[in-house]
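One structure is given here, and the rest of the page talks about it.
The values are calculated or read from the model by the stated rules, or taken from the named source; none is laboratory data. Predicted, not measured: the structure shown is a model, and the values here were computed from it. Cβ coordinates were reconstructed from backbone atoms using ideal geometry, including for glycine residues, and neighbour counts include every protein chain displayed.
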Amino acid sequence: MENQKNTPANKLSIWINYLQGQNFRKTIHIIFYLIIPLALLGSLIFIQNYRLNSQFGEWAWQVLLLVLFIKPIVKIIARKELMWLLTYRRELGILCFYLAFAHLSGSIFNLKIYELKNYLPPNNFLFTGALASLLLIILYLTSNNFSMRFLKKNWKRVQYLSYLVLPLISAHQILLQKEAEDTIGLIALNIAFIILKILEYKKITLKFKKYDQESQSS
């Protein structure tokens, strides 16, 4: 019996239960809803640095990719051991907004985003970044239980706006960097996301060989 309890499968199950538990979730909420916002606010007030501001944008982009790609990948892999990852997508989405907001706030004076003339013509990186920021604000304001109850079926439709943020931020980076390699990579990234969402919609999953737990523990 002790050998069975010490199998990798059982240990993994214990860890998954812990990560889904209320205590761990409370810790995550304190970090995401209190510590990180205060840290970002402090950095904006006391550390006005262009590089740090750019880094906020890069982190927001990375978290956005995690939020968008994690669901189709987990659904396609279809392993119950990974399903717990989906329960933290809201927190990651809010983290993405915080980082994007810090990036936006730091750009107010660096790039003079308060001047409307800087958004024209609309094929510049500020215009696409502003559109993406607007969508992120809408998503943030509706990422709560009250909005889910108030909007009902429309809540899901509002959340679909997150799919538009990916091409907008991609265009933002392409127009900002204007490098061929980055352009190809970002286009490929968007295509990969579309393919993954189609596979998820079609409920196509990977087939894994099932191993007998008893033979693993022996």
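For every residue, the table says whether it meets (1) over 28 Å from Ser133 (Cβ atoms); (2) among the aromatic types (Phe, Trp, Tyr); (3) at pLDDT below 95.
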position: Leu161; (1), (2), (3): no, no, yes
position: Val165; (1), (2), (3): no, no, no
position: His172; (1), (2), (3): no, no, yes
position: Ile184; (1), (2), (3): no, no, yes
position: Ala192; (1), (2), (3): no, no, no
position: Thr205; (1), (2), (3): yes, no, yes
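Give the residues of the range 150-167 that are surrounded by fewer than 11 Cβ atoms within 10 Å (Cβ to Cβ) and assigned to a helix (DSSP H, G or I), sorted by residue number. Within the range 150-167, Lys153, Lys156, Arg157 meet the criteria.
With respect to being surrounded by 10 or more Cβ atoms within 10 Å (Cβ to Cβ) and modelled with pLDDT under 90, Glu179 fits the description. Ala78 is checked against (1) crowded, with 16+ Cβ neighbours inside 10 Å; (2) on the phi > 0 side of the Ramachandran plot and fails just one. What number does that condition carry? The single condition Ala78 does not satisfy is (1).
Apart from one condition, Gln62 fits all of (1) within 9 Å of the chain's Cα centre (by Cα); (2) surrounded by 13 or more Cβ atoms within 10 Å (Cβ to Cβ); the exception is (2).
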